[in-house]
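See below for the structure under consideration.
The values are calculated or read from the model by the stated rules, or taken from the named source; none is laboratory data. These numbers were taken from a predicted model, which means no experiment stands behind them. Using ideal geometry, Cβ is built from the backbone for each residue, glycine included, and neighbour counts are taken over all protein chains shown. What goes into the accessible areas is simple: the full protein's heavy atoms, side chains included, and nothing from ligands, DNA or RNA. Shrake-Rupley method; radii C 1.70, N 1.55, O 1.52, S 1.80 Å.
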Amino acid sequence: MPIAQTLRPALLAGRFTLLVLLLASSACFAIDSNPGELLKRADSVKTANNSEFQDLLKQLDAESAQQTPVERDYLAYLHGWQSAFRGNYEASERDLQAVVDRTQDPTIRARALITLLNSQALGSHFDKAYANLSKLLESLPQIKDPTARNYSLGVAGLLYNQAGQYDLAIKYADLWLETDSDPGTICKATSVKAEALYHLGKLAENDPLIAAGVQACRRIGDLLFANGTRIWLVALQLDHGHVGDALKLLIAHDAEVLATHSSATISKFRSLLARAYLLDGDLDKASAAAQSAIDNGIKQTYSESVADAYSVLYQIAKKQGDDKAALDWYEKYAPANKGYLSDISARALAYQKVHQQVLDSERQLAAANDANKLLTLQQQVESQKARARLLYMLLLLSGLLIVGGWAYRTKRSQIKFQKLARRDSLTGIANRQHFFDTAQDVLRYGARNSREASVLTMDLDHFKSVNDMHGHAAGDDALKRAVAACQVLLRSIDIFGRLGGEEFAILLPDCPTAVARQRAEQMRESIAASRREGDAAADVLVTASFGVAGTQDCGYNLTTLLAAADDAMYAAKLAGRNRVEVHRTLESAATT
């Protein structure tokens, strides 16, 4: 579907994962040296009242000369925590690593390590984060302090959510809930679990989990996590078209979110508010909320809330007929969205890489054990001259086969993960990132050699109705049938990619606009004729609208070509759907 028609609510996954380094803000820790009362107070209010927390840090800094070494380590840890809370992950990593390296207090070291791990994840140092997580979970049986154990379970749930491993996130959230029935635990573990359930499609608007989690947060005065959990309810309401309910909830708690001073939370909340106002038809309020989401977005990297805010502003400009502003917003949206999707892929690949390294280590350990067995057997048969030599050769060959098999499985796993990173899991065609990378390379080649090319954008008509009336299984089947109907008409040099949802794009190298229109008509007819009988869920008539744009009119910039094709496809929708429209510039239209 064109970006001008939807914000893709499923993108709520991305950067908004509540900081698990905020966990158990009021918990007691077994610090070896008894810290001062101001340090304890600061630690207990850092999420519930961050403004007071900042004031306490200033007071503690002024008194640092009178503090013990452990108290200064504790204060340095709190500064590192605040840097991460405000989105300054580079400073957070630097300060926390210094605490881990020098402190003599084991609990401060554990807390600093967990917070460091979380900062590495949010600062996009995913390899380091998941490697540290693996070490942390290995040490989980040895962690005796209940609070430190809760931190470990919480950060595991958070990072598995970031890697898209939602079943694992639920596993560790449930372990956390089983370990501790304190309201603080219920508050924060519920937020982790609600996020995972939302992305698995298992969260309901009336899910008692939401009410229990919010109630627990309010009991301890933690508005950050209370509203963090509400975000998934709002996302669900907007997914289901319950705009009024979503607006009511967002407006009621907007001031609370602002009071948290959390840039990520404010940006996400305002991004949802912008989308809700847009769906409600209030363009002025939607624009203001979207700009606020951008202003509060995390500056070090792209975030999905900023990308969604640009998308809202693009749609507002389109509705107001301001094509220049719409193009400007789209050009901001495209790199923001690509950067965010690249970030998602980086997290998933980092998890898979570390997971593979763990498996490799286990295989290496098994290989080492096998080698030890070989040595033992060699010593045992040393006295048996002829039999010893024969047995040694056989065992050596076995060892070589083990190592060769291990190397083969490792290489095969690497190839598998590389393919998964480039392909859409449902349809098997190029995913968004791979399409953009490949298409841009082809267009650069075409520009250097003055070879025409065309871009098609395709969107299935009334796709939401297919899902609503026949279920997601029928929707998935419709997507696969549409892709298959197009693939039989594509050349080996054509690039076919899924941009998201039911929206697709095709780059046709060495193909003028007129020929591209004919090919688009063939694909449209093929899709409309792809209805098959038998299974009731698959007996669904599917049609598609196409937009065509060529380099002769739009140049070789992929973003411009996609925007032009999107406009043409939108025109096809307005003209009745199941048709092909070609984008024309004013100059080219005047000559036809």
query = residue 218 versus residue 353, label points 7 Å from Cα toward the beta carbon: distance in nm?
reply = 4.4 nm
inquiry  = Accessible area per residue for the stretch 447-534 in Å², computed with a 1.4 Å probe and the full protein assembly in place, what is it?
reply    = 46 Å²
request  = Determine by what factor the alpha-carbon radius of gyration of the stretch 146-245 differs from 2.2 N^0.38 Å, reporting the quotient.
outcome  = 1.03
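For residue 258 and residue 521, FRET efficiency with R0 = 35 Å and r from the beta-carbon atoms, rounded to 0.05?
Details: r = 52 Å, r/R0 = 1.49.
Computed FRET efficiency for residue 521 and residue 258 comes out at 0.10.
Which entries in the list 46/332; 58/128; 46/193; 268/573; 193/480 go over 25 Å, if you measure between the two C-alpha atoms of each? List each step's numbers first, then the result.
Numbers: 46/332 35 Å; 58/128 31 Å; 46/193 23 Å; 268/573 31 Å; 193/480 31 Å.
Flagged as over cut-off: 46/332; 58/128; 268/573; 193/480.
What share of Cα pairs, in percent, lie more than 13 angstrom apart in the stretch 205-260? Walk me through the numbers before you get to the answer.
Numbers: 895 of 1540 pairs.
It works out to 58 percent of all Cα pairs.
Out of the trypsin sites (Lys or Arg not before Pro) in the stretch 97-162, which ones are loop residues according to DSSP with at most 11 other C-beta atoms within 10 Å?
Details: sites: 102, 109, 111, 128, 135, 144, 149; in loops: 144.
In loop regions of the stretch 97-162 (DSSP not H, G, I, E or B), the sparsely surrounded trypsin sites (Lys or Arg not before Pro) are 144.
Using 1/(1 + (r/R0)^6) with R0 = 41 angstrom and r between the beta carbons of residue 423 and residue 62, what's the FRET efficiency to the nearest 0.05? Walk me through the intermediate numbers first.
Values: r = 57 Å, r/R0 = 1.39.
For residue 423 and residue 62, the calculated efficiency is 0.10.
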Largest-first principal axis extents, alpha carbons of the stretch 130-188, Å = 28, 23, 13
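Between residue 382 and residue 104, 0.36 nm times their residue separation minus their Cα-Cα distance comes to what? Don't skip to the end; give the middle numbers.
Working: separation 278, 0.36 × 278 = 100.08 nm, distance 5.13 nm.
Gain on stretching residue 382 to residue 104: 94.9 nm.
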inquiry  = List the aspartates and glutamates whose Cα sits under 13 Å from the Cα of residue 285, skipping any in the same chain fewer than 8 residues away.
reply    = none
request  = With a cut-off of at most 14 other beta carbons within 10 Å, and DSSP calling the residue loop, which GluC sites (Glu not before Pro) in the stretch 192-278 qualify? Please list them.
outcome  = 205
Two-site FRET efficiency, residue 445 against residue 211, from Cβ-Cβ distance with R₀ of 45 Å, rounded to 0.05 = 0.20
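Using DSSP to call loops (not H, G, I, E or B), can you name the trypsin sites (Lys or Arg not before Pro) in the stretch 170-232 whose Cβ has at most 16 other Cβ atoms within 10 angstrom? The partial results should precede the final answer.
On the way: sites: 171, 188, 193, 202, 218, 219, 230; in loops: 202.
Hits after loop and neighbour filter: 202.
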ask   = Tell me which aspartates and glutamates have Cα within less than 16 Å of residue 248's Cα, excluding those fewer than 8 residues away on the same chain?
value = 205, 239, 256, 280, 282
